[in-house]
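The values are calculated or read from the model by the stated rules, or taken from the named source; none is laboratory data. Quick caveat, the model's predicted, so the values are computed rather than measured. Glycine gets a Cβ as well: all are built from the backbone with ideal geometry, and neighbour counts include every protein chain shown.
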Amino acid sequence: MTVTLLNHDTRSSRTAAGLALAVASATSFGLSGALARGLLDTGWSAGAAVTVRVLLAAAVLAAPGALALRGRWHLLRDNAGLVAVYGVAAVAGAQLCYFYAVTYMQVSVALLLEYTAPVAVVVWLWLRHGHRPSGLTALGGLLALGGLTLVLDVVPGVELSTAGVLWALGAMVGAATYFVISADESNGLPGISLAAGGLVVGATALAVAGGTGVLPLDWSTDDAVYDGFAVPWWVAVLALGLVTAAVAYVTGIAAGRRLGSRLASFVALGEVLAAVLWTWALLGELPRPVQLAGGLLVLAGVVVVKLGEGRAPLVVEPVPVAGPGLEPAEGSFSGRPVA
């Protein structure tokens, strides 16, 4: 009886910590659009903002990620393919696909398509691992996606471009890859090491894309202007790299390992609401009542998904006993994994 209570308390504590980390990650990712707007308005291209953001985060996390391995470099060698997929698909690929998607369609529509990623995660876990979603999980997913539609304020009559839809779906695959890989503890990699490795790979891919002309890289040294105030361009860039990438990825991986990829992906929908609120705070663009209502609906959907998770197996491997310590918008480009 005592052991059962202890296990229940441990799982409850782990879930609570995971939810807090997931909210922190979504809030950090959601800040990227508003921060970047100040740079984009001065002549920065979305590609340049994304590339600098990922490069800076990779530079900041490289040393902590290496130290967390504690000399066990075989973990990195054994998981080289996984880290490469994470960096190319979940970091660079998702953002590049989103960048191209918004050249063909409205930002809100591209975001809506990208944030169908939780549905893709549910389908993947069902087909790959046999974890059939419960009725509550399905209901929560529908509520969250309905709320997401309201938050993004997608209006009827929007014309869809085939190319834009394909690029946006590519971003969705990248985002789903992020959630699935982030939640996997069976590889033995510390969360911060996975984040650092993925960001280094992603930064390299983005730099190559920029160097070859695939990704336009334009920038300016003018001050970034927000609602009633301006900051030096390098302050906005530092915030993009440190907060919306380094902090966001590390906390996102930590959340995924505590909650499982399915629940973590639904909580991450809060990023869109965070983006709306950050846009309000930094750019003075007030969210419409329908967007606030949509945010409440997203929250209700996440709660229902959590209730559904209580009746289904949690898709997270046990924490390795010897595992090391550190675990871990509205705008012209997306913060996530999309990024």
(request) Name the one entry in ALA66, ALA89, ALA120 that is surrounded by 24 or more Cβ atoms within 10 Å (Cβ to Cβ), aliphatic (A, V, I, L, M) and modelled with pLDDT of 80 or more. (result) ALA89
(request) Check off (1) assigned to a helix (DSSP H, G or I); (2) in contact with a helix residue (DSSP H, G or I) (Cβ under 8 Å, 6 or more places away or on another chain) for ASP227 and give me the number that stays unchecked. (result) (1)
(request) Test ARG311 against the criterion of being under 26 Å from LEU145 (Cα atoms), modelled with pLDDT under 75 and surrounded by fewer than 24 Cβ atoms within 10 Å (Cβ to Cβ), and give yes or no. (result) yes
(request) Go through region 16-41 and count every residue that is crowded, with 21+ Cβ neighbours inside 10 Å and outside any helix (DSSP H, G or I). (result) 0
(message) Report every pair of residues separated by at least 6 positions or lying on different chains whose Cβ atoms are under 7 Å apart, first residue within region 174-196 and of a type in the set (Asp, Glu), second in a helix (DSSP H, G or I) and surrounded by 24 or more Cβ atoms within 10 Å (Cβ to Cβ).
(response) GLU185/ARG257
(request) Spot the failing condition for SER45; the list is (1) crowded, with 24+ Cβ neighbours inside 10 Å; (2) in contact with a Leu (Cβ under 7 Å, 6 or more places away or on another chain), and only one is missed. (result) (1)
(request) Say whether the condition of being modelled with pLDDT under 80 and loosely packed, with under 13 Cβ neighbours inside 10 Å is met by at least one residue in region 142-150. (result) no
(request) Return yes when ALA236 is at pLDDT 90 or above and either on the phi < 0 side of the Ramachandran plot or not in a helix (DSSP H, G or I) (or both) and no when it is not. (result) yes
(message) If ALA254 satisfies all but one of (1) farther than 14 Å from ALA20 by Cα; (2) out of contact with any Lys or Arg (no Cβ under 9 Å at 6 or more places or on another chain); (3) among the hydrophobic types (A, V, I, L, M, F, W, C), what's the number of the condition it fails?
(response) (1)
